[in-house]
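Report on the structure given below.
Here, each number is a calculation from the coordinates, and none is a lab measurement. Just so you know, these numbers come straight off a predicted model, no measurement behind them. All Cβ positions, glycine included, derive from the backbone under ideal geometry; neighbour counts span all protein chains shown.
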Amino acid sequence: MRRRTCAAVALLAGAFVLTACGGDSEPTAPTGQPDVTAPTVPSDSAGAEVPTVSDPLDAAALTSEPCTALTSAQLDELGLTEGETRPNDQFEGEACRWKSTEDSLDSVDLTALDNTDGLAGVYAAKDENAYFEPTDVAGYPAVYSGLVDARDSGACNLWVGVDDETVLHVLTNLGSADSADASCGFAADVAEATISTLGG
C-alpha cells in the first residue's frame, strides 16, 4: 500500500491494550475486538481544525532506525535501557522499545510514520476514539488519542506531527503508572526528547 491514512493507524493502535501488570508486557488485543479498518470518512473532512507544523523536522532516519530517537544521555535522564528495534506489524514499519531501568515491566514504544496524512488522519478518526485531547509537545502539534482508554492503567497513545505528513507515535506501557498524568506525561517526555534529537 503506497499511502495509508493516519486515521487507520490511530484506530489500529488504539485497538490494542497493553498489559500493565503480570509477566508479559506484549500488547494484546481485547477479546472479541473486531478487525480494524480505515474509516470511510476521508482525512480531508478534518478540515481547518487540523494544526499545521510551522517548523518541520526531518524524521526519515527514524522510520528504519527508531532507536536513534533517544541519545544515551536522554535514556539516562528518562530512566530507560538501550532500545530494541522490532517490526511493528500494525504500522508496516519499525518500532523501538525501551524498558525502564527500575521496572522491566515498564516500557515505551516509538514509531515514526511517514507517507501518511499526518495529524489530519488522527483528527478524521477522533469520533471513533475513546479519548481525543489535542496538545503540543515542544511547540509541535500533538494529540492524545486511542480507541481504548487505558491511560489510568499505564497505556497512553500520543501522536506528534513533525511535518504535515509525518507523525511520531509514542505508546507507553507502564505497570507502575496509576493515572493518565503519569502515563501520558511520560509519553510527552519521550516525544520531547525525540524532537530535541531531531533538532527541534
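Can you tell me which residue in the range 86-101 is surrounded by the fewest Cβ atoms within 10 Å (Cβ to Cβ), limited to those that are over 14 Å from Phe186 (Cα atoms) and touching a residue at least 24 places away in the same chain (Cβ under 8 Å)? Ranking the qualifying residues of the range 86-101, first place goes to Glu92.
For the residues Leu168, Leu113, Leu147, Leu105, the requirement of being under 17 Å from Ala193 (Cα atoms) and either touching a helix residue (DSSP H, G or I) at 6+ places or on another chain (Cβ under 8 Å) or among the hydrophobic types (A, V, I, L, M, F, W, C) (or both) singles out Leu168.
Looking only at residues that are within 20 Å of Ala120 (Cβ to Cβ) and without any contact (Cβ under 8 Å) to a residue 40 or more places away in the chain in the range 145-200, which one is surrounded by the fewest Cβ atoms within 10 Å (Cβ to Cβ)? Ranking the candidates gives Leu158 first.
Touching a residue at least 24 places away in the same chain (Cβ under 8 Å), over 19 Å from Cys184 (Cβ atoms) and part of a strand (DSSP E or B): which single residue out of Ala112, Ala142, Ala120 fits that description? Even if it seems obvious, please write down each step before you answer.
On the way: Ala142 fails: over 19 Å from Cys184 (Cβ atoms); Ala120 fails: part of a strand (DSSP E or B).
Of Ala112, Ala142, Ala120, the one residue that is touching a residue at least 24 places away in the same chain (Cβ under 8 Å), over 19 Å from Cys184 (Cβ atoms) and part of a strand (DSSP E or B) is Ala112.
Scoring Thr135 on the criteria (1) of a type in the set (Val, Ile, Thr); (2) in contact with a helix residue (DSSP H, G or I) (Cβ under 7 Å, 6 or more places away or on another chain); (3) surrounded by fewer than 21 Cβ atoms within 10 Å (Cβ to Cβ); (4) not in a loop (DSSP other than H, G, I, E, B) leaves a single failure, condition (2).
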